[in-house]
Number of protein chains: 2
Amino acid sequence: MKNVMLTIEYDGTNYSGWQRQNNAMTIQQRLEEAIKKITGNFSEVIGASRTDAGVHARGFVCNFFTNSKMPSPNFKMALNGVLPKDIVVLDAREVDNSFHSRYHSLGKKYVYTIVTGNNRPVIGRQYVYYFRRKLDIDKMKNACKYFIGTHDFSAFKKKGSSAKSSVRTVKELTIAQEDNLIKFSIVGDGFLYNMVRIIVGTLLEVGLGRFTPEYVKDILDSKDRSKAGKPVPALGLCLEKIFY
Amino acid sequence: MKNVMLTIEYDGTNYSGWQRQNNAMTIQQRLEEAIKKITGNFSEVIGASRTDAGVHARGFVCNFFTNSKMPSPNFKMALNGVLPKDIVVLDAREVDNSFHSRYHSLGKKYVYTIVTGNNRPVIGRQYVYYFRRKLDIDKMKNACKYFIGTHDFSAFKKKGSSAKSSVRTVKELTIAQEDNLIKFSIVGDGFLYNMVRIIVGTLLEVGLGRFTPEYVKDILDSKDRSKAGKPVPALGLCLEKIFY
């Protein structure tokens, strides 16, 4: 029995997120189907994260156990031969049997992309959120610092989230603007359900002038979900990297 | 009766090209349907070019005549309200009744995008051609100069092309590489059927070392389609701009 770690990229447009479910296609199911085609046996694939429906990934990590005699690196080409066009294995390697892609993750980097301007995007629209109204980027950048550090993010998690603790550490949060693209980049030790999308939605409220940058601190302190902004849509979100 | 000129962007992935046809969906048909929804009457839309199935455009130009009382610039927002997600009107304006988007075009700019490297692209794969083999970019750049100028491009048009003359002027042809992206940019007074795709395909033969850069001159002189390279796939091609 060996433990194979995969790094994968996927276009989440046509999937109901990572996790296997009844009556909806997911990335996990596609990978498990592909592995079964190659090894002849079902292997459960353990994912580092449960990305939502419509979220994309450039550096998702997962692992599975198999009795296959195929050298682990060869799974890259073998799986790519049977996976659909919207999923690709970037790397396959053997890891210690104790490795668990979710439990051993030290952190994650997400990027959220917004397109502004007068015209809704067409080419590449699957990967960006179109936001027409004018934003004060300096105010938004100013608000970022309040998120940095270790906080109780209860106000920034979707109600019904099952995580035991709402304390997380945000290590980096930056906003970069180039022409009509705005990219939010966030690194943390872990994220609560919808946390990245609610943080970006809250920063948009700051950019619109509805919240002052300093109000972010009040929202955090309140631990009250109703005070923060609305989550931005899934399509602009991409899981860039998982740290181990 | 007024003449309305539209500049549009479209994602050609799900279309059988520009021109209306039976049993296949095209950009022209979608626009004519949208105009009819707004004005109540059918207007034929005259396109500047007949892009192939799967080709994209960021600056396609077309025009139509209408008796509608709506101010011409208002067609932008009105059409965008009824067009599907993969077509957007960037500009609408009234032009002289003598204006014809195809006859009056002075030139066009196309960009062809290739992705190289060990991994097939996933995010954005709809807009690029994945070419795995190693290319000698310097040789390809060297070959570009032979295309510049006024030539008989018979060797670079698809057989069965109905154009009366095969003489065209290529004003610019450049290759830019950034990381694993290679962008071919070409400006000319007009292009024969499949001409851009055959030129790029021929440059790939140069990059692979199968043709010398100088051999491009022999291919042009031969006027023999069988001597040039294969056309590259439509998905990497984008009509960037039409000049008037």
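The table for this structure:
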item	result
Filter pass, B:E44 being of a type in the set (D, E) and assigned to a strand (DSSP E or B)	no
Residue in the stretch B:1-41 that is farthest from the other protein chains (Cβ to nearest Cβ), counting only those that are in a helix (DSSP H, G or I), within 22 Å of B:Y244 (Cα to Cα) and of a type in the set (A, V, I, L, M)	B:L31
Complete set of residues in the stretch B:179-203 that are modelled with pLDDT of 95 or more and of a type in the set (A, V, I, L, M)	B:L181, B:I182, B:I186, B:V187, B:M195, B:V196, B:I198, B:I199, B:V200, B:L203
The stretch A:218-243, residues that are under 10 Å from the mean Cα position of the chain (by Cα) and over 22 Å from A:I123 (Cβ atoms)	A:L239, A:K241, A:I242
Filter result (of a type outside the set (K, R), closer than 30 Å to A:K69 by Cα and more than 15 Å from the chain's Cα centre (by Cα)) within the stretch A:1-22	A:M1, A:N3, A:V4, A:M5, A:L6, A:Q21
Total residues in the stretch B:7-22, condition free of Cβ contacts under 8 Å to residues at least 24 places away in the same chain and surrounded by 15 or more Cβ atoms within 10 Å (Cβ to Cβ)	1
Single unsatisfied condition, A:M77 versus (1) out of contact with any Leu (no Cβ under 9 Å at 6 or more places or on another chain); (2) within 12 Å of another protein chain (Cβ to nearest Cβ); (3) crowded, with 16+ Cβ neighbours inside 10 Å	(3)
Filter result for B:K217 (surrounded by fewer than 17 Cβ atoms within 10 Å (Cβ to Cβ), part of a helix (DSSP H, G or I) and touching a residue at least 24 places away in the same chain (Cβ under 8 Å))	yes
The lone exception for A:F65 - which of (1) over 25 Å from A:S161 (Cβ atoms); (2) outside the structural domain of A:F191 (by TED's automatic domain parsing); (3) in contact (Cβ under 8 Å) with a residue 24 or more places away in the chain; (4) buried (at least 17 other Cβ atoms within 10 Å of the Cβ) it fails	(4)
Considering residues of the stretch B:83-135 that are under 30 Å from A:L6 (Cα atoms), of a type in the set (D, E, K, R) and part of a loop (DSSP other than H, G, I, E, B) only, the residue nearest to the other protein chains (Cβ to nearest Cβ)	B:R120
Filtered residues of the stretch B:23-54 (kept if more than 22 Å from the chain's Cα centre (by Cα) and surrounded by fewer than 23 Cβ atoms within 10 Å (Cβ to Cβ))	B:N23, B:E33, B:A34, B:K36, B:K37, B:I38, B:T39, B:G40, B:N41, B:F42, B:S43
Any hit, the stretch B:141-154, residues being surrounded by 18 or more Cβ atoms within 10 Å (Cβ to Cβ), part of a strand (DSSP E or B) and in contact with a Leu (Cβ under 9 Å, 6 or more places away or on another chain)	yes
Residue in the stretch B:173-191 that is farther than 21 Å from B:C238 by Cα, crowded, with 16+ Cβ neighbours inside 10 Å, in contact with a helix residue (DSSP H, G or I) (Cβ under 8 Å, 6 or more places away or on another chain) and not assigned by TED's automatic domain parsing to the domain that holds B:A34 present	no
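The values are calculated or read from the model by the stated rules, or taken from the named source; none is laboratory data. A quick note: this is a predicted structure, and the numbers were derived from the prediction, not measured. No Cβ is skipped: glycine too gets one built from the backbone with ideal geometry, and neighbour counts run over all protein chains shown.
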